[in-house]
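Report on one structure; see the data block that follows.
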2 protein chains.
Amino acid sequence: MSLLVVGSIALDSVQTPFGSNADALGGSAVFFSCAASILHPVQVVGVVGEDYPEEALVRLAERGMDLRGVERAEGESFRWKGKYSYDLQNRETLETRLGVFAAFDPRIPEEFRDARYVFLGNIDPELQLRVLDQIHQPRLVACDTMNYWIHSKRDALLELLERIDVLLVNDAEARELSGDWNVYRAARWIVEAGPSTVVVKQGVYGAVLYESDHLFYIPAFPLEEVFDPTGAGDAFAGGFMSHLARTDDLSPDNLRRAVVYGSAMGSFAVERFSIDRFNEVGPAEVTARVREFAELVRFDIQPEGDQIAATQSARGRDS
Amino acid sequence: MSLLVVGSIALDSVQTPFGSNADALGGSAVFFSCAASILHPVQVVGVVGEDYPEEALVRLAERGMDLRGVERAEGESFRWKGKYSYDLQNRETLETRLGVFAAFDPRIPEEFRDARYVFLGNIDPELQLRVLDQIHQPRLVACDTMNYWIHSKRDALLELLERIDVLLVNDAEARELSGDWNVYRAARWIVEAGPSTVVVKQGVYGAVLYESDHLFYIPAFPLEEVFDPTGAGDAFAGGFMSHLARTDDLSPDNLRRAVVYGSAMGSFAVERFSIDRFNEVGPAEVTARVREFAELVRFDIQPEGDQIAATQSARGRDS
């Protein structure tokens, strides 16, 4: 089943306590696709400037990305510069230069318009709506957003929510959007606003899959060394969507699995700068990490009704 | 197997966004025992003042607590007054009046000294050490501590760590103790300092069970309404220890189950003020909540090596 992503293609400069890089591959469409393409081919729609390295595009294409939707426009590529705190829990944006991204108006190539699985990366919700207008009959549309749009384009975002199936956001975004600090009430609010499914990512703590009658929680993969959190959310979305696209199964149990694939991809993303970790990860590593998740949360319920009953009758006795 | 707790017996006055109470039952030994006694009898060692209500002690005894280790001393009972932030994530101590707790020097009654499972609630580590000196041959000793002791009594605490089996702390305490902000490295540090097992509680995010070669993570129970977080950590410890005491099984799988029982008890504790929720909870409710935890984290790994392999060969093709 064809999988389409629309999002940013950026050059990131990141400072972490462990080092820094400059003009490395980044952007929501790139992190998404690098993760997703391990499991399933991806159609990419985005824009790069004249300065975006041609060889980078070649390498991305070699991963299984169809880049016919990537436009090269006059001007500079989107650049983001950020700095993380000592514990990587907070980041400060040092510089944002939108470049060609400022005038980005996604045109979906004719050959992509039959996409069945669509991920709308974090861009202006008005553009996300215009993308949807160009897709013929998607089976599942998922989208991301950010606090900036929640405040500046709330009406467009609410309209978008009525047209999508899955919202993937982090906990701060879920709170801002709903106006409720409790993450489960916030998720309920979002589901009532449109999408049948919400995935709330909670960074180092894990992710919640929320549907009106169904809840799943997976912890984040336990890492002693986190290197660069940039792109973890988009890599998560890439794992989530590519698992759904390749299985074409939207059952609750398969949505749970998709969240685990998302968590696995997010955990890989943070282990190196930029998309570097995905140079080392193939399907075998992904499967191994999914199995580690299963072991991480595994526990068996003993048949112990009798034991508790026996304890009850002993209540109040000396033991 | 006999289960012993040593800790505080307090009268708490708590302000939350949802209301407040005054001089309600609290303290680590009380929260621990109210949770634990649902599953297993508990021997309690602590001290109360002349003003502690006799009828409260009668009601605690009716729950299956052996209070022969509770001393009534001259003076006022330990009182704590606190106020929670709007989202219950932070609390401010408004007043602490130690009263008879200031001179507390736990004497373990002769009939309790054969206890096999021992929980040392959060008190001065020098007192925790003196308790251990009085126990003949415990099978498992678990303990809690807090930032105040980590700073003021570090040497005694490090000596204690060498003599216990399980440390149950929250993430802030694990970080303070180890000097490492990464919770998994912090847990490793603690295990290298003595106990074979560390449980790091992460509040609304869940809890980690850490052993040198073994890791388990259970999310917190998803609650849309949290009423009063006071005592959740001690109730957690009560569930954890009572499950171990009643099963007398220290296998890794049973330790995992104990963490789930702890999480269940912690989730009950926060649903009402003080110990009130435990008036409504029996073994059936505990079992039901443990099953809900199992459903919360359940996912199955499909046999899908073939699917990924097939995808791989399709890499780079249009889909």
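Quick rundown of the values:
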item	result
Complete set of residues in region A:114-134 that are open to solvent by 10 Å² or more (accessible area, probe 1.4 Å) and under 24 Å from A:Ala258 (Cβ atoms)	A:Asp114, A:Arg116, A:Asn122, A:Leu132
Filter result (among the hydrophobic types (A, V, I, L, M, F, W, C) and assigned to a loop (DSSP other than H, G, I, E, B)) within region A:75-98	A:Leu88, A:Leu98
From the options A:Ser85, A:Ser77, residue that is of a type in the set (Ser, Thr, Tyr) and buried (at least 20 other Cβ atoms within 10 Å of the Cβ)	A:Ser77
Considering residues of region A:227-241 that are out of contact with any Leu (no Cβ under 7 Å at 6 or more places or on another chain) and part of a loop (DSSP other than H, G, I, E, B) only, the residue surrounded by the fewest Cβ atoms within 10 Å (Cβ to Cβ)	A:Phe227
Selected residue (criterion: surrounded by the fewest Cβ atoms within 10 Å (Cβ to Cβ)) from residues of region B:178-190 that are under 23 Å from A:Asn90 (Cβ atoms) and either touching a Leu at 6+ places or on another chain (Cβ under 6 Å) or in contact (Cβ under 8 Å) with a residue 12 or more places away in the chain (or both)	B:Tyr184
Test: residue in region B:210-221 that is in a helix (DSSP H, G or I), within 10 Å of chain A (Cβ to nearest Cβ), at pLDDT 95 or above and farther than 29 Å from B:Ser13 by Cα	no
Condition broken by B:Arg163, with the remaining ones in (1) open to solvent by less than 30 Å² (accessible area, probe 1.4 Å); (2) touching a strand residue (DSSP E or B) at 6+ places or on another chain (Cβ under 9 Å); (3) not polar (S, T, N, Q) satisfied	(1)
Complete set of residues in region A:1-20 that are in contact with a helix residue (DSSP H, G or I) (Cβ under 9 Å, 6 or more places away or on another chain) and polar (S, T, N, Q)	A:Ser2, A:Ser8
Residue ID - nearest to A:Pro41 (Cα to Cα), chosen from residues in region A:260-283 that are in a helix (DSSP H, G or I) and facing chain B (nearest Cβ under 8 Å)	A:Pro283
Count - residues of region A:191-206 that are within 7 Å of chain B (Cβ to nearest Cβ) and free of Cβ contacts under 8 Å to residues at least 24 places away in the same chain	1
Criterion (under 14 Å from B:Ser37 (Cα atoms), surrounded by fewer than 18 Cβ atoms within 10 Å (Cβ to Cβ) and in contact with a Phe, Trp or Tyr (Cβ under 8 Å, 6 or more places away or on another chain)) met by exactly one of B:Glu292, B:Glu285, B:Glu224	B:Glu285
Where a residue in region A:246-265 is among the aromatic types (Phe, Trp, Tyr) and its partner, wherever it lies, is buried (at least 18 other Cβ atoms within 10 Å of the Cβ), with Cβ under 8 Å and at least six apart	A:Tyr261/A:Leu39; A:Tyr261/A:Gly239; A:Tyr261/A:Phe240; A:Tyr261/A:Ser242; A:Tyr261/A:His243; A:Tyr261/A:Val286; A:Tyr261/A:Val290
Test: residue in region A:252-267 that is out of contact with any Asp or Glu (no Cβ under 7 Å at 6 or more places or on another chain), among the polar types (S, T, N, Q), surrounded by fewer than 20 Cβ atoms within 10 Å (Cβ to Cβ) and modelled with pLDDT of 95 or more	yes
Flag for A:Ala102 being aliphatic (A, V, I, L, M) and over 21 Å from the mean Cα position of the chain (by Cα)	yes
In region B:52-88, the residues that are among the small types (Gly, Ala, Ser) and away from every other protein chain (no Cβ under 14 Å)	B:Ala56, B:Ala73, B:Gly75, B:Ser77, B:Gly82
Search result, residues across region A:222-239 that are among the aliphatic types (A, V, I, L, M) and more than 9 Å from chain B (Cβ to nearest Cβ)	A:Ala232, A:Ala235, A:Ala237
Residues that are among the polar types (S, T, N, Q) and more than 26 Å from B:Pro41 (Cα to Cα), drawn from region B:58-88	B:Ser85
Flag for B:Leu244 being crowded, with 24+ Cβ neighbours inside 10 Å, at pLDDT 95 or above and more than 12 Å from chain A (Cβ to nearest Cβ)	yes
Which listed residue is part of a strand (DSSP E or B) and under 26 Å from B:Leu158 (Cα atoms), from B:Phe119, B:Phe101	B:Phe119
Every residue from region B:191-206 that is of a type in the set (D, E, K, R) and over 17 Å from the mean Cα position of the chain (by Cα)	B:Glu192
Selection within region B:100-113 - open to solvent by 10 Å² or more (accessible area, probe 1.4 Å) and either in contact with a Phe, Trp or Tyr (Cβ under 9 Å, 6 or more places away or on another chain) or aliphatic (A, V, I, L, M) (or both)	B:Val100, B:Phe101, B:Ala102, B:Ala103, B:Phe104
Selection count, region A:191-202, where residues are in a loop (DSSP other than H, G, I, E, B), of a type in the set (S, T, N, Q) and buried (at least 18 other Cβ atoms within 10 Å of the Cβ)	1
Residue in region B:10-19 that is more than 15 Å from B:Lys81 (Cβ to Cβ) and open to solvent by 10 Å² or more (accessible area, probe 1.4 Å) present	yes
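Residue-wise test of (1) more than 16 Å from the chain's Cα centre (by Cα); (2) over 24 Å from B:Gly282 (Cβ atoms); (3) in a helix (DSSP H, G or I); (4) away from chain A (no Cβ under 13 Å).
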residue: B:Arg163; (1), (2), (3), (4): yes, yes, no, yes
residue: B:Leu177; (1), (2), (3), (4): yes, yes, yes, yes
residue: B:Trp181; (1), (2), (3), (4): yes, yes, no, no
residue: B:Tyr184; (1), (2), (3), (4): yes, yes, yes, no
residue: B:Trp189; (1), (2), (3), (4): yes, yes, yes, no
residue: B:Val208; (1), (2), (3), (4): no, yes, no, no
residue: B:Asp249; (1), (2), (3), (4): yes, no, no, no
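Conditions tested, residue by residue: (1) small (Gly, Ala, Ser); (2) under 17 Å from A:Pro106 (Cβ atoms); (3) touching a Phe, Trp or Tyr at 6+ places or on another chain (Cβ under 8 Å).
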residue	(1), (2), (3)
A:Gly19	yes, no, yes
A:Ala35	yes, no, yes
A:Val45	no, yes, yes
A:Asp51	no, no, no
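The values are calculated or read from the model by the stated rules, or taken from the named source; none is laboratory data. If you're wondering where the values come from, they're calculated on a predicted model, not measured in any experiment. Neighbour counts run over all protein chains shown; Cβ positions are idealised from the backbone, glycine included. Surface accessibility is based on the protein's heavy atoms, side chains included, excluding ligands, DNA and RNA. Shrake-Rupley method; radii C 1.70, N 1.55, O 1.52, S 1.80 Å.
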